[in-house]
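Notes follow the structure.
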Amino acid sequence: MAVAFLYTFLVIFLCCGFSEQKMDRVTSPQNCTLDCVLKGRSGCEFCFITSKDIETTLGISTQSLFGSCVPKPCFSLFGSDSPACHHFVKAPESVQLMFLNTSDLDKDAVVVTWKPSEYGIEFLRGYQVSLQKLGGLLVDCQLLLFNANLSLGATDTQRVYHSDPFPSLELESQYVITVIPLPVPEAWESLHHSHKFSTRSCLEKMGLQKCRSDWQPNPKTVKVQQIGMDVTVTFDLAPPSLNIHDYFTFCEGRGLKNITKITVNDKENVTRHSFILSRLKPGVNYSCEISADIVDPLKTHIRFQVGKVNAEPQRPNSVPLAVLLSLALLVLTAVAVLLLLPHRRTRKRPCRGVRSGGDLKEDLFLVPGLGSPVSPPRVFICYSSADGPAHVAVVMRFAAFLQQHASTRVSLDLWETLRIAEEGPMGWMCHQIEESDFVLVVCTKGLRAPHQGEREAGQGGTSQAAVAHIGEEMGRAKSRGEDLSKYITVFFEYSTEDEIPGILRLASQYRLMQDLPLLFSHLHKVALQGPGRQLQVENMSQESYVKVPAGALLYSAIQEASWYCRKGQML
């Protein structure tokens, strides 16, 4: 109802809004029947024909495949002996899109406009307007017909025709609209107009105040206050209009992993919230992520260091003696340790670090399909950006899907810009390889052998170093007889198994998204099958992962990367 009202207002505005300017005549489809059109009755000049009407009048069921359109429409609608069916009309001109603002925050709506071509206009009987998701199935198709007794002429080429609205389109998605004039000859491919477009983001459509997924806590207003060995973090809450009540924080540092879920009561009428991190260690760098607890949120990252707490001052005459005794004890301890240590090679290993001690405490996640809560494993994703932005988009969407629906904590360079700037690319990468539970390498041509241009531009260098280091760690683990399940290689449908680097051939291999259940089983160390049972995890299969928003975005990114690969625009 809201879409129809906005569409009517838009047409009136286009027709009458600029009375002082010369405007093209605008023709909108009427709601009339196929019988009225075919018999040439008055009031049926340009009509939108529904699929139910086609099924009733012609006995053709079209809803499941063609919307309200029909295959071979000229013969089906006008009969094989119709003179119009032996002619053709050239593709329409000036095809444009108009977006409609609707009350549905998560969907978009468009109307298509066009002008007829003058070539063959005397034979023009109508249009079929189809909408298809890029790389996917047909979304909808509209059949628009002229009155059987109506004959168009050259003056009608300046008339602007409208489709009915196409509602309920996913935001930030790509579609292809095709306008086909009727009659349609056999060689119709050159006689239609297709137009690729992207729907708007929520921010473009509704503004920030109404878009939940585009909101994040303002990093400039996040405050960190230390009291003793405890730290209080305060951040802004979302505006009430976004209806966000739940928040999620994840903080980590040496010896600490803290996950906090926060629920705010509307009746409290507060604009800020604070949470406390207890018993932190002085001199240690900590990082926190703060976000709304919704699907695919924007996160605010902060980093801070806990300062030392001054002890109670001692008497002046006892300070020098205490300092000397402490230094002497420290020197004697260091000498004893060096004498007792076995001889080791002194070659520097910049990627080797010391794992932090202490018990790691983190919340447990309940994975759909598993009987008991599990601790989310930390997964480091290594990939090459030399394969182009389409591949980088796939990796980013894949990481978001794993973190949201596979109960994992994902480390990805695209999300750690600040930490990389502080630690350096190589230092950060080596730290992730050392401390992650799993190292997942996305294999492509660019990862295996980047072109000379990418090497000179500095692309792919870090990923090549990462592959070399991962291979070295795998070789060392194998020589000690250790388990290699920490290391995983994957490749998407636009890559092949041949692109896995030889140094990583000992790692487990998975083809995505075909082997998604196997990858989930590997990450959580659960068997998919057992005596008399089979594990079915929600949204963890090639068929079901697209049912959630993060999976749908991943599917769209994979299809786009595959398209670029077929066009030869990827390595």
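The values are calculated or read from the model by the stated rules, or taken from the named source; none is laboratory data. Quick caveat, the model's predicted, so the values are computed rather than measured. Quick reminder, even Gly has a Cβ in these numbers, built from the backbone with ideal geometry, and neighbours come from all protein chains shown. Note: accessible area is taken over every heavy atom of the protein model, side chains too, but ligands, DNA and RNA are not part of it. Shrake-Rupley method; radii C 1.70, N 1.55, O 1.52, S 1.80 Å.
The set of residues in the stretch 467-516 that are crowded, with 17+ Cβ neighbours inside 10 Å and of a type in the set (Gly, Ala, Ser) comprises Gly471, Ser495, Ala507, Ser508. Which residue out of Ser163, Ser168 is open to solvent by less than 10 Å² (accessible area, probe 1.4 Å), modelled with pLDDT of 85 or more, of a type in the set (S, T, N, Q) and in contact with a strand residue (DSSP E or B) (Cβ under 6 Å, 6 or more places away or on another chain)? Answer to the check: Ser163. The set of residues from the stretch 286-302 being within 23 Å of Ala238 (Cβ to Cβ) and not aliphatic (A, V, I, L, M) comprises Ser287, Cys288, Glu289, Ser291, Asp293, Asp296, Pro297, Lys299, Thr300, His301.
Within the stretch 377-386, the set of residues being within 18 Å of the chain's Cα centre (by Cα) and part of a helix (DSSP H, G or I) comprises Ser385 only. Tell me, yes or no, whether the stretch 380-391 has at least one residue that is touching a residue at least 40 places away in the same chain (Cβ under 8 Å), surrounded by 23 or more Cβ atoms within 10 Å (Cβ to Cβ) and within 25 Å of Val284 (Cβ to Cβ). For the stretch 380-391, residues touching a residue at least 40 places away in the same chain (Cβ under 8 Å), surrounded by 23 or more Cβ atoms within 10 Å (Cβ to Cβ) and within 25 Å of Val284 (Cβ to Cβ): present.
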